[in-house]
Amino acid sequence: MGTILVFYGDAAYDHEGYAAQVLDDGTLTGTYSAETEPRMVGQVVAACDCGWTGTTRYPTRELFDEHAEDLALAEWEHTHARPVLDQAQRGELSELEARLRGLSGSVSLVALNRDPVRLADELASVVRRLEAAAGLARRLHNQVQDQHGGGRRS
């Protein structure tokens, strides 16, 4: 089981970080087994479920070296996960901005007031778009609040 920065919402689940063991042929594994244990060379590397791997090999003093794993996870978090997830969050903020701009310029309710059926249809459309924008804003609000209060799950 790796680490997920849960305060970034659903996107975080695509970037689960872990300390991968380096094997004698240079490959990496996140799995400890009777087959992999004798091939471990005493180093871990930051890794992510998305395929990203760090550049630093952290020596281990024992099979499960928490200090080396913490160093690898810190590299994953600060070099890969946070930058990628911050970019995704900025994209969602841009999407919210575009939705709100689209709402402000697309409705002329006064002009529709003379036709109650069209007015009702347009108002229903406005409500749907507002609810979608509010849902996105609520999700982003919760993410930002959680980012300032923790939210790392191992």
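Scan the stretch 19-69 for residues that are among the polar types (S, T, N, Q) and either over 24 Å from the mean Cα position of the chain (by Cα) or outside any loop (DSSP other than H, G, I, E, B) (or both) and jot them down.
Quick first cut of the stretch 19-69, residues among the polar types (S, T, N, Q) only: 21, 27, 29, 31, 33, 36, 43, 53, 55-56, 60.
Passing the criteria: Gln21, Thr27, Thr29, Ser33, Thr36, Gln43, Thr53, Thr55, Thr56, Thr60.
Contact annotation: residue pairs with Cβ atoms under 7 Å, 6 or more positions apart or on different chains, pairing a residue in the stretch 56-71 that is closer than 11 Å to Val45 by Cα with a partner that is surrounded by 18 or more Cβ atoms within 10 Å (Cβ to Cβ) and acidic (Asp, Glu), are Thr56/Glu75. Comparison of Tyr13, Tyr8 shows that the only residue that is touching a helix residue (DSSP H, G or I) at 6+ places or on another chain (Cβ under 9 Å), assigned to a helix (DSSP H, G or I), surrounded by fewer than 17 Cβ atoms within 10 Å (Cβ to Cβ) and of a type in the set (Phe, Trp, Tyr) is Tyr13. A Cβ distance below 8 Å, combined with a sequence gap of six or more or placement on separate chains, defines the contacts here; from the stretch 134-150, residues that are touching a residue at least 40 places away in the same chain (Cβ under 8 Å) and under 12 Å from Leu96 (Cα atoms) reach residues that are surrounded by 12 or more Cβ atoms within 10 Å (Cβ to Cβ) and among the polar types (S, T, N, Q) in the pairs Leu140/Gln89. All of (1) buried (at least 19 other Cβ atoms within 10 Å of the Cβ); (2) at pLDDT below 95 hold for Ala47 with one exception: (2).
Just to be sure before I move on: is Asp49 in contact with a helix residue (DSSP H, G or I) (Cβ under 8 Å, 6 or more places away or on another chain) and of a type in the set (Asp, Glu) in the structure I sent?
Values: in contact with a helix residue (DSSP H, G or I) (Cβ under 8 Å, 6 or more places away or on another chain): yes; of a type in the set (Asp, Glu): yes.
Against the criterion (in contact with a helix residue (DSSP H, G or I) (Cβ under 8 Å, 6 or more places away or on another chain) and of a type in the set (Asp, Glu)), Asp49 qualifies.
Residues in the stretch 19-55 that are without any contact (Cβ under 8 Å) to a residue 24 or more places away in the chain, more than 16 Å from Glu69 (Cα to Cα) and not charged (D, E, K, R): Gly26, Thr27, Ser33, Ala34, Thr36, Pro38, Gly51. Taken over the stretch 94-117, the criterion of being of a type outside the set (S, T, N, Q), at pLDDT 75 or above and surrounded by fewer than 13 Cβ atoms within 10 Å (Cβ to Cβ) is satisfied by Glu97, Ala98, Arg101, Gly102, Asp115, Pro116, Val117. Pairs are defined by a Cβ separation below 7 Å, a sequence spacing of at least 6 or placement on different chains, a first member in the stretch 1-14 that is in contact (Cβ under 8 Å) with a residue 40 or more places away in the chain and under 16 Å from Ala46 (Cα atoms), and a second member that is surrounded by 15 or more Cβ atoms within 10 Å (Cβ to Cβ) and small (Gly, Ala, Ser); the pairs so defined are Gly2/Gly17; Thr3/Gly17; Ile4/Ala12; Leu5/Ala12; Leu5/Ala81; Leu5/Gly151.
The values are calculated or read from the model by the stated rules, or taken from the named source; none is laboratory data. Bear in mind that the values here come from a model prediction, so they are computed numbers and not experimental data. Neighbour counts are summed over all protein chains in view; Cβ atoms, including those assigned to glycine, are modelled from backbone coordinates with ideal geometry.
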